[in-house]
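Here is the structure we will look at, set down as structure tokens.
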Amino acid sequence: MSLRTLMATHWFEPEGGAAGHPGIVARSLVARDHEVHVVTGFPTYPKGEIFDGYQNRFYQRESLGGMTVHRGAVYPSHDNRAVHRAANYLSFAAMGSLTAFRTPRDLDVGLVYLSPATAAIPALLVHATRHLPFVVYVQDLWPDSVTASGFLDGQRQGRVERALHRYCGAVYRRASHIAVSAPGMTRLLRERGVPPEKITVLPNWADEHHFGPRPRDPVLARALGLQAPTVLMYAGNFGELQDLDTVVEAARLIAHRTDILVALVGAGVTEPRLRSTVARHDLRNVRFVPPQPFEGIAGVLALADAQVVSLKDVPVLRSTLPSKLQANLASGQPIIGAVAGDSAAVIEDAKAGVTSPPGDALALARAMEWFADLPESEHDRLRFNARSAYDQRFSEKVIGDDLSALLHEAAGRRG
């Protein structure tokens, strides 16, 4: 049965990287006969600038991939200043709420892509005025992710935490159901009073049109300077929570291994500091590669022998599965993870690589050397295990069907 679905999300196409996942979710719903109306802002991720081809106007409606996309103005920023980030989030909450009322009145159900938590405000208002039931798809737990980011000082942090706990509690109470993207979130939400029967674990899946095993392109490898017997790659956002300082320090500890090259692909707020460290120590085994076109990202990943996934050692990240984890598994890439909790469990259960404690540069350096010293037959086994784990646990077929079923169940409760 066709379902008319409102999707509220701060991020949306043509934004890429982690911000591209809401589009993947929306397209999977279209493929399952949902009529999807997306309420979002104008694209700014990751540079905090409005994309070419868009103007930051009051309202814009467009058709995109079988969806109707309703965009409202936002304060464009993605830097590390708390006031700017708050302005970005709250501007969408305000303008997205106005934009939501431009969607059809006879919608059946709502879906909130909860990252950041303010993305729920448009759905809350539609729920209050039109009695539209909604499902929350939790990507980041708030206020945990805010306090872990280090944006707030001690005095402000306490006030903000209390306010966000009250707000998130209201969102969870009003939601028909809560889907969480990592198993550890279930325990944390239950501790905050959410009934266990209201929670379902639905991990993210990768964009399967763009991520998958690819042959290594020697021409591209030469163009990007990624030519070494063993290439270990981090690809993604250079943020504080990714703790790439530990990755660079691990590279420094194995600088004598001229057969290992550590490639950092992407950009972000910590890039100047990372480049300064590399220059100060004259680390010739570290190569910075600027962000690459999303359409060719699978080919870039294929230039590596393994992917590095790194997260800062804070409690909330132990209950997180970063989107690059599924993308790497889908690409059949072995993983070296400087992670703990849910992320480490996925790598270890899949037998797709090796893990080390987050923040431990020496342990990560030893993991890098361990991988480089494996025979090629073991690399092949890890690649096979990675893709098999993705197909069995994280594919769109497995997760997309479950998400659609939750929305149908919630729509049946209307009234």
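Straight-line reach from residue 47: taking Cα to Cα under 14 Å and skipping same-chain neighbours fewer than 8 places apart, the aspartates and glutamates in range are 15, 79, 271. Highest GNM mean-square fluctuation among 17, 41, 296, for the chain modelled with Cα contacts below 10 Å: 296. In a simple Cβ point-charge model (Lys, Arg +1; Asp, Glu -1; nothing else charged), the chain has a dipole of about 1180 debye relative to its Cα centre.
Straight-line cross-link partners of residue 324 among the lysines, defined as a Cα under 18 Å from its Cα and at least 8 positions apart when in the same chain: 312, 351.
For residue 36, the residues whose modelled amide H falls within less than 5 Å of its own, excluding neighbours fewer than 5 places apart on the same chain, are 5, 68. Could you please state, rounded to a whole Å, how far the C-alpha centre of the range 384-415 is from the C-alpha centre of the range 350-375? About 31 Å separates the Cα centre of the range 384-415 from the one of the range 350-375.
Name the residue farthest towards the positive end of the dipole of the range 218-393 from the options 390, 269, 231, assuming +1 on Cβ of Lys and Arg, -1 on Cβ of Asp and Glu, about the Cα centre. Result: 269. Please determine, in degrees from 0 to 90 and to the nearest 10, the orientation of helix 271-280 with respect to the longest principal axis defined by the Cα atoms of the chain, where the helix direction is its Cα long axis. Helix 271-280 sits at roughly 10 degrees to that axis. Across the options 12, 157, 189, the greatest Cα extent toward the positive end of the charge dipole of the chain (unit charges at beta carbon of Lys, Arg, Asp, Glu) belongs to 157. Rounded to whole numbers, the Karplus 3J(HN,Hα) couplings from phi for the range 241-254 are 6, 7, 6, 6, 4, 5, 5, 5, 5, 4, 4, 5, 5, 10 Hz, using 6.51 cos²θ - 1.76 cosθ + 1.60 with θ = phi - 60°, and x at Gly and Pro. Here's how it looks for residue 289: its modeled amide H is under 5 Å from those of 264, 265, 266, which are all 5 or more places away or on a different chain. Here the spin labels are modelled as points 7 Å beyond Cα on the Cα-Cβ line, and at residue 275 and residue 87 they lie 2.5 nm apart. Based on the alpha-carbon gyration tensor of the range 43-133 and its eigenvalue square roots a ≥ b ≥ c, which shape applies: rounded if a/c is under 1.5, prolate if not and a/b is larger than b/c, or oblate? Because a/c hits 1.5 or more and a/b fails to exceed b/c, the range 43-133 counts as oblate.
Couplings 3J(HN,Hα) of the range 207-215, computed from phi: 6, 6, 6, 10, 10, x, x, 9, x Hz, in residue order, whole Hz [Karplus 6.51 cos²θ - 1.76 cosθ + 1.60, θ = phi - 60°; x for Gly and Pro]. Stretching the chain fully between residue 33 and residue 379 yields a gain of 120.5 nm (0.36 nm per residue, less the alpha carbon separation). Computed over Cα pairs, the Kirkwood radius of the range 218-393 leads via Stokes-Einstein (1.306 mPa s, 10 °C) to a diffusion coefficient of 100 µm² per second. Please identify which residues in the range 361-387 have an amide N closer than 20 Å to a label point set 7 Å out from the Cα of residue 348, following the Cα→Cβ vector. Flagged as within label range: 361-371, 382-383, 385-387.
Our coupling estimate for the range 348-354, obtained by passing each phi through the Karplus curve with A = 6.51, B = -1.76, C = 1.60 and θ = phi - 60°, is 6, 5, 6, 6, 10, x, 9 Hz, Gly and Pro reported as x. Among rounded, prolate and oblate, which fits the range 210-259 when a ≥ b ≥ c are the square roots of the eigenvalues of its C-alpha gyration tensor, a/c under 1.5 means rounded, and a/b larger than b/c means prolate? Oblate shape, in that a/c is at least 1.5 and b/c is the bigger or equal ratio. Near residue 201, the amide H atoms lying under 5 Å from its own belong to 180; only residues 5 or more places off or on other chains count, and H is placed 1.01 Å from N.
Read-outs throughout are calculated quantities, based only on the coordinates presented, and are distinct from any laboratory measurement. All of these numbers come straight from a predicted model, not from anything done at the bench. For neighbour counting, all protein chains shown are included, and Cβ atoms are generated from backbone atoms with ideal geometry for every residue, glycine included.
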